[in-house]
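Each reported figure results from applying straightforward, stated rules to the coordinates on display, with no laboratory input. Since the structure is predicted, the reported quantities are computational estimates derived from the model, not experimental observations. So basically every Cβ, Gly included, is an ideal-geometry build from the backbone, and we count neighbours across all protein chains shown.
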Amino acid sequence: MRRPRLLVLVVAVVVLGGAVSVLLPGTADAPNPDDSRARVAVPAPAEKDVPAPPSENVSGVVTDINVNDTGILTVAGKTQRNGSAENVAVAFWIDREPAESVSTETSAPPVPEPGRFSKAVQLREGPQEVCAIALNDAGPDAVLGCEKVMYRAQLVEGKMIIADYGSGATPRLGIAGEGTPLEAAQRVAARAKEWEEATGIPTIPAFDYIQTVAQASPGSDGDYSAHTSREDLDTYLAAIRSVDGLLILDFQPGGGHFMKQVVQYEDYLRQPDVGLALDTEWRMPWGVAPATIIGYATASEINEVGEYLANIVAEDNLPQKAFVIHQFRAKMVRDRAAIVDRPELATIFHIDGHGTKQLKRTVYRQLLPGEEFYAGFKLFFDEDTGLMTPLEVRDDLARIPAMVSYQ
């Protein structure tokens, strides 16, 4: 009979609420005169309110933001917890997506002062919004600050442009005009690959494409310069894009001004893979026929073009553009020290001139620009006395050039 009485006990506990009456079974040795069952009152456990975890407030400010040349953004600032300076974990979000922090010399060591922080994150190229968030494990997170930043990678840092010079107008202007545009693009891409394999330096194939050509006669406007076909230009641009290369528009203005010609090609210059070159040899005083003297340009004229091109890059959030200035004598660029270095541009002083290897090395060393600028170097298939090899260019010149072109 024990099994049924145990069942009654369980059912009674379940059915009764509040103060629970539990029926305990009696025994034969201790009979109860009133009842064979003793009634015992057992209090129900009191319900307890679970206290909410204490809420804490975190806050802070961003005191400094810096972006370096490789796209590492470093943010420094102060954090607080409940109004007191305290170290709080800080995370980054880029364009409303979480981004992992990176270690740098600036961000890696702990900052000894309580609440001080310095964190870094790798940006992608282009415009983006970066937010620093103070993380709170006992309450809401706090936005320390958001900043719209633009990271523009350096075009030729640690790389080299390998270009063929010429135009679709005629192969006599340079090797880029030999064969079809697609053949020319594939040829310069193969050459760039050979350079990369030989030197270990990543390369970018390119056309240094002559869009305006100096002329022996003044023409109807008297400037001794003629524009080549836009149809040819479009075809060459499509061809160099097929090998992931660049097209650098080259201008030979004769007696005209560079800006007068350059602005006519703004629709091309607003494209991300089109750069600009100024051929100072063919910038003549008004009324002087090209090739009768060696031309020249002034710093003010070059700066005018540089500012115009940099503004295009900034306005359209474009990648850094190649800005090439051709030169093989010091007097070809007057007041060169006054030329402005602009972060939107990879300004390359392209040192031309043909001759022996020793002569080319000497001229290159003499015309090297300051470290804020890049240097370029030209190789001539026919006019050079002994064509320098990729390894000779890398190892024998005073500085590794950022651009090498062939003519």
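Scanning residues 5 or more positions from residue 333 or on other chains, those with amide H under 5 Å from its amide H are 297, with H placed 1.01 Å from N in the peptide plane. Highest mean first, the peptides 118-129, 71-82 sorted by other C-beta atoms within 10 Å per residue fall in the order 71-82, 118-129.
Highest mean first, the peptides 185-193, 207-215, 142-150, 290-298 sorted by other C-beta atoms within 10 Å per residue fall in the order 207-215, 185-193, 290-298, 142-150. Listed by chain and number, the lysines whose C-alpha is less than 28 Å from the C-alpha of residue 193, apart from same-chain residues fewer than 8 away, are 159, 321, 357, 360, 378. Relative to its residue count, the stretch 111-249 spans a Cα convex hull of 223 Å³ per residue.
Once a ≥ b ≥ c are taken as the square roots of the eigenvalues of the Cα gyration tensor of the stretch 160-406, is the result rounded (a/c under 1.5), prolate (a/b larger than b/c) or oblate (a/b not larger than b/c)? Note, shape of the stretch 160-406 comes out rounded.
Projected over all directions and averaged, the alpha-carbon convex hull of the stretch 102-193 occupies 10.6 nm². In order along the stretch 351-360, phi translates into HN-Hα couplings of 8, 8, x, 10, x, 6, 4, 5, 4, 5 Hz, rounded to whole numbers, per the Karplus curve 6.51 cos²θ - 1.76 cosθ + 1.60 with θ = phi - 60° and x for Gly and Pro. Once you reduce the stretch 281-300 and the stretch 262-277 to the center of their Cα atoms, the two points are 23 Å from each other. Peptide packing: for 85-93, 385-393, the average count of neighbouring Cβ atoms within 10 Å per residue gives the ranking 85-93, 385-393, highest mean first. Remark on residue 60: its backbone amide H falls under 5 Å from those of 80, a criterion applied only to residues 5 or more positions apart or on other chains, H modelled at 1.01 Å from N. Rounded, prolate or oblate: which fits the stretch 174-293, taking a ≥ b ≥ c as square roots of the Cα gyration tensor eigenvalues, rounded meaning a/c under 1.5, else prolate when a/b beats b/c? Prolate is the answer for the stretch 174-293, as a/c is 1.5 or above and a/b outweighs b/c.
Can you give the relative contact order of the stretch 58-151 as a percent, counting alpha carbon pairs under 8 Å and 6+ residues apart? Computed over the stretch 58-151, the figure is 32 percent.
Shape verdict for the stretch 273-407, please, from the Cα gyration tensor: rounded (a/c under 1.5), prolate (a/b greater than b/c) or oblate. Oblate shape, in that a/c is at least 1.5 and b/c is the bigger or equal ratio.
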